[in-house]
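Q: Input: one structure, supplied below.
The values are calculated or read from the model by the stated rules, or taken from the named source; none is laboratory data. All values derive from a computational prediction rather than experimental measurement. With ideal geometry, Cβ positions are generated from the backbone for all residues, glycine too; neighbour counts draw on all protein chains shown. In case anyone asks, the SASA skips ligands and DNA or RNA and just uses the protein heavy atoms, side chains included. Shrake-Rupley method; radii C 1.70, N 1.55, O 1.52, S 1.80 Å.
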Amino acid sequence: AEEDRCRAAWAIAAVLSSVKWVDLKNRGYIVRFLASGLVATAPWASMSTASAVLEMVSRERGYSDEVDVLLREVGVGDLLAQLVQHPSTNVQRCALEAISHACDLGCDPLLLSGTDAVPAVISIAQAGCYDNKLAALEAIHWLAESSADRLKAAIPVLVQLPGHTSDDLKEAAASALWALMMSRQETYTVEACEHGCVPKLIDLLRRDKCQRQTILFCVERVTMPPAVRHLALQAGVLPLLFRSLQDERDKILQECILGMLLSYSSHVSQALVEQDAAERQSSIRQLVAICRAGSSENSTCARQLLEHITQDASLRQLSRQ
């Protein structure tokens with residue numbers, strides 16, 4: 001009976017929320033038995049089913065390769081593809097969260113890339129309600145490595161979302177776009193640039209409210225291919241990179257910024273000249289401080305930048321102070 005199915009699925013979700021697979025005896029049998037019951041058609045029980053599946057694939061429950069195989073064999077991937085297309089936004093969101101949990105190591109244990117889940121996730125990212133957009137963008141981020149070919153259609157959607165009024169949505173879109181650009185290196189980076197991502201990313205870098213790490217990593221991708229590197233330069237990336245470097249103490253982000261500055265080594269002097277005196281002095285002092293910090297890769301990069309800068313007579317004195 002549908003009502004009994006629904007109650008049973010809620011019971012499974014409730015029980016799984018307080019136990020771990022590794023603590024259960026005969027867990028292989030239990031996983032297969034419970035999952036087999038959930039994948040049977042039960043439209044009325046969609047929310048309870050989605051909640052139970054979410055608990056099943058949660059890493060906190062001890063989700064493992066063994067559980068992966070069992071869930072895949074009974075068809076949980078196809079079930080999630082159905083649930084993510086459900087007309088209920090709550091069911092959709094639960095299914096999206098389950099997809100992110102299942103794929104959060106950059107793999108696709110449930111073989112979702114071969115289902116209708118991928119186009120459904122893109123559609124929700126484009127036209128879903130606000131909370132579901134965020135959940136869909138996270139799912140795209142985690143699906144990027146395993147489903148890159150099918151997610152190519154998401155690029156224009158992701159490029160448009162950084163123009164949204166919500167900072168959280170902008171960051172989530174940038175994170176998903178970065179994951180896609182990483183999955184296909186220059187190919188998807190060039191495509192994203194052709195859809196107009198560069199000025200939007202540069203604008204995000206200007207905003208103090210946005211999480212800098214995500215945006216910097218995304219901007220780094222569009223400064224690497226020679227074919228599109230000039231777009232970021234024209235959009236004013238260099239002053240923003242110098243400003244970001246002044247405030248940055250994280251060595252990984254320093255490395256990211258220094259690498260981007262070095263890719264524009266023939267333009268850095270002019271960019272400094274165009275800064276006001278206080279910013280210019282602060283930028284050079286930060287480079288000198290990093291250079292003196294030791295023999296790290298960041299120190300080497302800062303030294304190389306200073307060598308380029310000191311070729312300009314007007315900046316040479318500042319670098320010595």
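Q: Only one of (1) under 23 Å from the mean Cα position of the chain (by Cα); (2) small (Gly, Ala, Ser); (3) open to solvent by less than 60 Å² (accessible area, probe 1.4 Å) is not met by Ser88, so which one is it?
A: The single condition Ser88 does not satisfy is (1).
Q: Next question, about the same structure. Count, please, the residues in the range 130-144 that happen to be open to solvent by 30 Å² or more (accessible area, probe 1.4 Å) and not charged (D, E, K, R).
A: Keep residues of the range 130-144 that are open to solvent by 30 Å² or more (accessible area, probe 1.4 Å), which gives 130-131, 134, 138, 141-142.
Imposing the further condition that a residue be not charged (D, E, K, R) reduces the set to 130, 134, 141-142.
The qualifying residues number 4.
Q: Conditions first: (1) in contact with a Phe, Trp or Tyr (Cβ under 7 Å, 6 or more places away or on another chain); (2) surrounded by 18 or more Cβ atoms within 10 Å (Cβ to Cβ); (3) at pLDDT below 80. Ala45 passes all but one, so which condition is the exception?
A: (1)
Q: State whether the residues of the range 85-95 include one that is under 25 Å from Trp178 (Cα atoms), touching a Lys or Arg at 6+ places or on another chain (Cβ under 9 Å) and in contact (Cβ under 8 Å) with a residue 24 or more places away in the chain.
A: Keep residues of the range 85-95 that are under 25 Å from Trp178 (Cα atoms), which gives 92-95.
Within this subset, residues satisfying the condition of being touching a Lys or Arg at 6+ places or on another chain (Cβ under 9 Å) are none.
No - not one qualifying residue is present in the range 85-95.
Q: Sticking with this one: Only one residue in Ala153, Ala174 is in contact with a Pro (Cβ under 9 Å, 6 or more places away or on another chain) and within 17 Å of Gln211 (Cβ to Cβ). Which one? Walk me through how you get there before you give the answer.
A: Details: Ala153 fails: within 17 Å of Gln211 (Cβ to Cβ).
The unique qualifying residue is Ala174.
Q: Inside the range 252-270, can you point out the residues that are at pLDDT 90 or above, open to solvent by less than 10 Å² (accessible area, probe 1.4 Å) and part of a helix (DSSP H, G or I)?
A: Cys256, Ile257, Leu258, Met260, Leu261
Q: Which residues, counting only those in the range 217-238, are within 23 Å of Gln254 (Cβ to Cβ) and in a helix (DSSP H, G or I)? Quick ask: steps written out before the conclusion?
A: Within the range 217-238, the subset within 23 Å of Gln254 (Cβ to Cβ) is 217-225, 229, 232-233, 235-238.
Of everything in the range 217-238, those that are within 23 Å of Gln254 (Cβ to Cβ) and in a helix (DSSP H, G or I) turn out to be Phe217, Cys218, Val219, Glu220, Arg221, Val222, Arg229, Ala232, Leu233, Val237, Leu238.
Q: Any idea which of Leu272, Leu241, Leu258, Leu253 is among the aliphatic types (A, V, I, L, M) and touching a Cys at 6+ places or on another chain (Cβ under 6 Å)?
A: Numbers: Leu272 fails: touching a Cys at 6+ places or on another chain (Cβ under 6 Å); Leu241 fails: touching a Cys at 6+ places or on another chain (Cβ under 6 Å); Leu253 fails: touching a Cys at 6+ places or on another chain (Cβ under 6 Å).
Criteria check complete, one pass: Leu258.
Q: Now a separate question. When Ala102 is evaluated against the numbered criteria (1) over 15 Å from the mean Cα position of the chain (by Cα); (2) at pLDDT 95 or above; (3) surrounded by 18 or more Cβ atoms within 10 Å (Cβ to Cβ), which criterion, by number, is the only one it fails?
A: For Ala102, the exception is condition (2).
Q: Just to check your reading of the model, which residue among Asp167, Asp108, Asp116, Asp78 is surrounded by fewer than 16 Cβ atoms within 10 Å (Cβ to Cβ), farther than 25 Å from Arg212 by Cβ and either of a type outside the set (Phe, Trp, Tyr) or more than 14 Å from the chain's Cα centre (by Cα) (or both)? Working first, answer last.
A: Working: Asp167 fails: farther than 25 Å from Arg212 by Cβ; Asp108 fails: surrounded by fewer than 16 Cβ atoms within 10 Å (Cβ to Cβ); Asp78 fails: surrounded by fewer than 16 Cβ atoms within 10 Å (Cβ to Cβ).
Testing whether each residue is surrounded by fewer than 16 Cβ atoms within 10 Å (Cβ to Cβ), farther than 25 Å from Arg212 by Cβ and either of a type outside the set (Phe, Trp, Tyr) or more than 14 Å from the chain's Cα centre (by Cα) (or both) leaves just Asp116.
Q: Name, by its number, the condition in (1) open to solvent by 50 Å² or more (accessible area, probe 1.4 Å); (2) closer than 16 Å to Asp4 by Cβ; (3) at pLDDT 85 or above that does not hold for Tyr29.
A: Of everything listed in (1) open to solvent by 50 Å² or more (accessible area, probe 1.4 Å); (2) closer than 16 Å to Asp4 by Cβ; (3) at pLDDT 85 or above, Tyr29 misses just condition (2).
Q: Does Ala127 satisfy the criteria of being at pLDDT below 95 and either open to solvent by 50 Å² or more (accessible area, probe 1.4 Å) or touching a strand residue (DSSP E or B) at 6+ places or on another chain (Cβ under 7 Å) (or both)?
A: Numbers: at pLDDT below 95: yes; either open to solvent by 50 Å² or more (accessible area, probe 1.4 Å) or touching a strand residue (DSSP E or B) at 6+ places or on another chain (Cβ under 7 Å) (or both): yes.
For Ala127, the condition - at pLDDT below 95 and either open to solvent by 50 Å² or more (accessible area, probe 1.4 Å) or touching a strand residue (DSSP E or B) at 6+ places or on another chain (Cβ under 7 Å) (or both) - is met.
Q: Still on this structure: Just name the residue that is surrounded by the fewest Cβ atoms within 10 Å (Cβ to Cβ) out of those in the range 224-246 that are farther than 25 Å from Ala278 by Cα and at pLDDT 90 or above. Lay out the reasoning, then the answer.
A: Of the range 224-246, the ones farther than 25 Å from Ala278 by Cα are 224-231.
Add one more test, that the residue is at pLDDT 90 or above, and what stays is 230-231.
On the way: His230: 13, Leu231: 19.
Step by step, filter the range 224-246, then rank; the result is His230.
Q: How many residues does the range 13-25 contain that are surrounded by 13 or more Cβ atoms within 10 Å (Cβ to Cβ) and over 31 Å from the mean Cα position of the chain (by Cα)?
A: 1
Q: Within the range 230-238, identify whether any single residue is in contact (Cβ under 8 Å) with a residue 40 or more places away in the chain and in contact with a helix residue (DSSP H, G or I) (Cβ under 9 Å, 6 or more places away or on another chain), and answer yes or no. Explain how you work it out, then say what you get.
A: In the first step, residues of the range 230-238 are kept if they are in contact (Cβ under 8 Å) with a residue 40 or more places away in the chain; the result is none.
Checked the range 230-238: no residue is in contact (Cβ under 8 Å) with a residue 40 or more places away in the chain and in contact with a helix residue (DSSP H, G or I) (Cβ under 9 Å, 6 or more places away or on another chain).
Q: While we're on this one: Could you list, in sequence order, all residues of the range 71-84 that are in a loop (DSSP other than H, G, I, E, B) and over 24 Å from Ser183 (Cβ atoms)? Before the answer, list the steps.
A: Keep residues of the range 71-84 that are in a loop (DSSP other than H, G, I, E, B), which gives 75, 84.
Gly75 - this is the single residue of the range 71-84 that is in a loop (DSSP other than H, G, I, E, B) and over 24 Å from Ser183 (Cβ atoms).
Q: With open to solvent by 10 Å² or more (accessible area, probe 1.4 Å) and within 22 Å of Gly106 (Cα to Cα) as the only criterion, which of Arg249, Arg184 stands out?
A: On the way: Arg249 fails: within 22 Å of Gly106 (Cα to Cα).
Matching residue, one of Arg249, Arg184: Arg184.
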